[in-house]
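Asker: What follows is a structure written as structure tokens; I'll ask about it next.
Each reported figure results from applying straightforward, stated rules to the coordinates on display, with no laboratory input. Treat the numbers as computed from the prediction; the structure is a model and nothing was measured. Using ideal geometry, Cβ is built from the backbone for each residue, glycine included, and neighbour counts are taken over all protein chains shown.
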Amino acid sequence: MTDQVQTVVVGGGVIGIAVARKLARLGHEVLILEAEDRVGQHTSSRNSGVIHAGLYYDPKSLRAKLCVQGKGMLYDYCQSRHVPFEKTGKLVVATTLKQVNQQKALVENARANGVDDLTIISATEAIAMEPELSCLGAIHSPSTGIVDASALILSLLGEAETAGAMLALGSSLARVVPAASGFQLTVGETQLTCQNLINAAGLGAWDIAQAFEGYPPALIPPKYFAKGRWYATGGKLPFKQLIYPMSDGHSLGVHFTRDLGGGFRFGPDLEYLDPAVVNYDMGESRAQAFEDSVSRWWPNVPKGKMMPEGCGIRPRVTQLGTAQSDYHFAGEAEHGYKGLVQLFGMESPGLTSCLAIGAYVAEMVEGIIK
């Protein structure tokens, strides 16, 4: 027997669930396949939980467009659904004269993305906001915030299921074969056919693409896994807002983030995994490197108190030293398979962008975006 379903979404992270929710609310019969025994176990739950404003990304990129759209959608969603969040604000701090001189360019980049609420402030103004801070100046981003990622995922899943979507946990997609009316899927001992197939598997997106019989390997983008660790000191909350250093162009740097319960941590750092496999081992201690980095803008950081707090992995399609990584949506216009949408490189700000990404993929499936 072969079961039939209209649309299959592979991946039960925040993006996959947001896509499934959108399609189900448009009337699709949707099945979500999640390989783990719970949703949101990888990138969706191993991140800073930040609602990003959209400062850093190339104005021509989908990361910029979907971040700015998604930020507004996410704040509205959390407000109306009572998902815990806080618009904390953020200070991007300059600790060298070179960084001070780079502030204007960052503000102009953000404005090109549609972020028009940034202000460059003096060191005196920044320290008045955050007395523990040390800097030569800062950019204030009032629309940056934090969200309870787990609560968001469960809320989106609840709405998807209310609209008729089904969730299958512990269900790894092993094989995809193009069929006359869509795709034939092998999931364990089960055979499924579907009209539409959405590969939103995050870190596993490349494995799903490779499981697709006949899919041209040249159309699968390069895979790079960027690992980031967090450390924490414990103690009294030192800052109310999020504190970020100026970006070096490759990462946002080790920054201060806090959660809705009063906890806080520092990170992530950046290490490319070779080979690109899922590996959450913290490895050798980097406590001193974290302390040295944080002390540039928090001179009173407790000495010798940095403790490992976990890590996450970002999927990217470009690597350090190349052009800024962007989201890669592969639809019919790229690969020729009607009803197939593949998502690669869905890294930060994926959490912020999830609702906008859901709408974007739905338009691809409906043929509005080719």
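Asker: Suppose R0 equals 35 Å. What FRET efficiency, 1/(1 + (r/R0)^6) with r the Cβ-Cβ distance, do Asp281 and Leu169 give to the nearest 0.05?
Answerer: Values: r = 25 Å, r/R0 = 0.72.
Efficiency computed from Cβ-Cβ geometry: 0.90.
Asker: Note down the magnitude of the dipole of the chain about its Cα centre, charges +1 on Lys and Arg C-beta and -1 on Asp and Glu C-beta and zero elsewhere, to the nearest 20 debye.
Answerer: Working: 31 positive and 36 negative charges, 156 e Å.
The calculated dipole for the chain is roughly 740 debye.
Asker: Between Gln210 and Thr96, what is the label-point separation in nm under the 7 Å Cα-to-beta-carbon projection?
Answerer: In this crude label model, Thr96 to Gln210 measures out at 3.9 nm.
Asker: Using +1 at the Cβ of each Lys and Arg and -1 at the Cβ of each Asp and Glu in the chain, identify which of Leu197, Tyr75, Ile17 lies farthest towards the dipole's positive end.
Answerer: With unit charges placed on the Cβ atoms, the residue in question is Tyr75.
Asker: Let's see if you can work this out: charge +1 on each Lys and Arg Cβ, -1 on each Asp and Glu Cβ, no other charges. What is the dipole magnitude of region 207-343 about its Cα centre, in debye to the nearest 20? Let's see the in-between values first.
Answerer: Numbers: 14 positive and 15 negative charges, 144 e Å.
Computed charge dipole of region 207-343: roughly 700 debye.
Asker: Then there's this: How big is the equivalent ellipsoid of region 103-186 along its three axes, where each semi-axis is √(5λ) from the Cα gyration tensor, reported in whole Å from largest to smallest?
Answerer: Details: eigenvalues 447, 70, 34 Å².
One finds semi-axes of 47, 19, 13 Å for region 103-186.
Asker: Pick out, from Ala165, Ile32, Ser247, the residue whose Cα sits farthest towards the positive end of the charge dipole of the chain, with +1 on the Cβ of Lys and Arg and -1 on the Cβ of Asp and Glu.
Answerer: Ser247
Asker: Hull surface divided by four, with the convex hull built on the Cα atoms of region 263-316: how many nm²? Provide the component values of the computation, followed by the final result.
Answerer: Details: hull surface 18.6 nm².
Over all viewing directions, region 263-316 projects a mean Cα-hull area of 4.6 nm².
Asker: Moving to a separate point now. Ratio to report: Rg/Rh of region 268-366, with Cα atoms as the point set and Rh obtained by the Kirkwood method; give two decimals. Provide the component values of the computation, followed by the final result.
Answerer: Details: Rg = 18.8 Å, Rh = 16.9 Å.
Answer for region 268-366: 1.11.
Asker: Something else: To the nearest whole percent, what portion of all C-alpha pairs in region 166-217 is separated by more than 14 angstrom? Don't skip to the end; give the middle numbers.
Answerer: On the way: 708 of 1326 pairs.
In whole percent, the share of Cα-Cα pairs in region 166-217 beyond 14 Å is 53.
Asker: What residue among Thr257, Thr96, Thr352 has the largest mean-square fluctuation in a Gaussian network model of the chain, using Cα springs under 10 Å?
Answerer: Thr96
Asker: Still on this model: For the chain, what proportion of DSSP beta bridges, expressed in % and rounded to the nearest 5, is antiparallel?
Answerer: On the way: 45 of 67 bridges.
Percent antiparallel among DSSP bridges in the chain is about 65.
Asker: In region 262-370, which chymotrypsin sites (Phe, Trp or Tyr not before Pro) fall in coil by DSSP and have 16 or fewer other Cβ atoms within 10 Å? Intermediate values should be presented prior to the final figure.
Answerer: Working: sites: Phe264, Phe266, Tyr272, Tyr280, Phe290, Trp297, Tyr327, Phe329, Tyr337, Phe344, Tyr360; in loops: Tyr280, Trp297, Tyr327, Tyr337.
Sites meeting the loop and neighbour criteria: Tyr280.
Asker: I've got another one for you. For region 216-345, go through all pairs of different Cα atoms, get the mean of 1/r, take its inverse, and jot down that Kirkwood value in Å. Write down the numbers at each step before the final one.
Answerer: Numbers: mean 1/r = 0.0594 Å⁻¹.
So the Kirkwood estimate lands at 16.8 Å.
Asker: Moving on. Could you pull out the trypsin sites (Lys or Arg not before Pro) across region 1-102 that fall in loop regions by DSSP (anything but H, G, I, E, B) with no more than 15 other Cβ atoms inside 10 Å?
Answerer: Numbers: sites: Arg21, Lys22, Arg25, Arg38, Arg46, Lys60, Arg63, Lys65, Lys71, Arg81, Lys87, Lys90, Lys98; in loops: Arg38, Arg46, Lys60, Lys87.
Passing both the DSSP loop test and the Cβ count: Arg38, Lys60, Lys87.
Asker: Something else now. Hey, got the Cα dimensions of region 134-238 along the principal axes, in Å, largest first?
Answerer: Largest to smallest, the principal-axis extents are 63, 38, 26 Å.
Asker: Could I ask something else about it? Show that you can apply the helix-only estimate: for the chain, add -39,500 (n - 2.57) for every DSSP H stretch of four or more residues, divide by all residues, and state [θ] at 222 nm to the nearest 500.
Answerer: Numbers: 9 runs with 103 residues, N = 370.
Dividing the helical sum by the residues of the chain leaves -8500 deg cm²/dmol.
Asker: Rounded to a whole number of µm²/s, how large is the Stokes-Einstein D of the chain at 25 °C and 0.890 mPa s, given Rh as the Kirkwood radius over C-alpha pairs?
Answerer: Details: Rh = 21.3 Å.
Estimated via Stokes-Einstein, D reaches 115 µm²/s.
Asker: Here's something else I'd like to know. Just how many pairs of Lys in region 219-318 have C-alpha atoms closer than 29 Å, counting pairs that are eight or more places apart or on different chains? Don't skip to the end; give the middle numbers.
Answerer: Values: Lys227/Lys236; Lys227/Lys240; Lys227/Lys303; Lys227/Lys305; Lys236/Lys303; Lys236/Lys305; Lys240/Lys303; Lys240/Lys305.
Lysine pairs satisfying the spacing and distance rule in region 219-318 number 8.
Asker: Right, another one. Can you give the longest run of the chain that contains no GluC sites (Glu not before Pro) sitting in a DSSP loop with at most 13 other Cβ atoms inside 10 Å?
Answerer: 1-188
Asker: With only alpha-carbon pairs counted, each pair once and no self-pairs, how large is the Kirkwood hydrodynamic radius of region 1-112 in angstroms?
Answerer: Numbers: mean 1/r = 0.0583 Å⁻¹.
One decimal place: 17.1 Å for the Kirkwood radius.
Asker: Applying 1/(1 + (r/R0)^6) with R0 = 30 Å to the Cβ-Cβ distance of Ala289 and Gln41, what FRET efficiency is obtained, to the nearest 0.05? It would help to have the intermediate numbers written out before the result.
Answerer: Details: r = 28 Å, r/R0 = 0.93.
My answer for the efficiency is 0.60.
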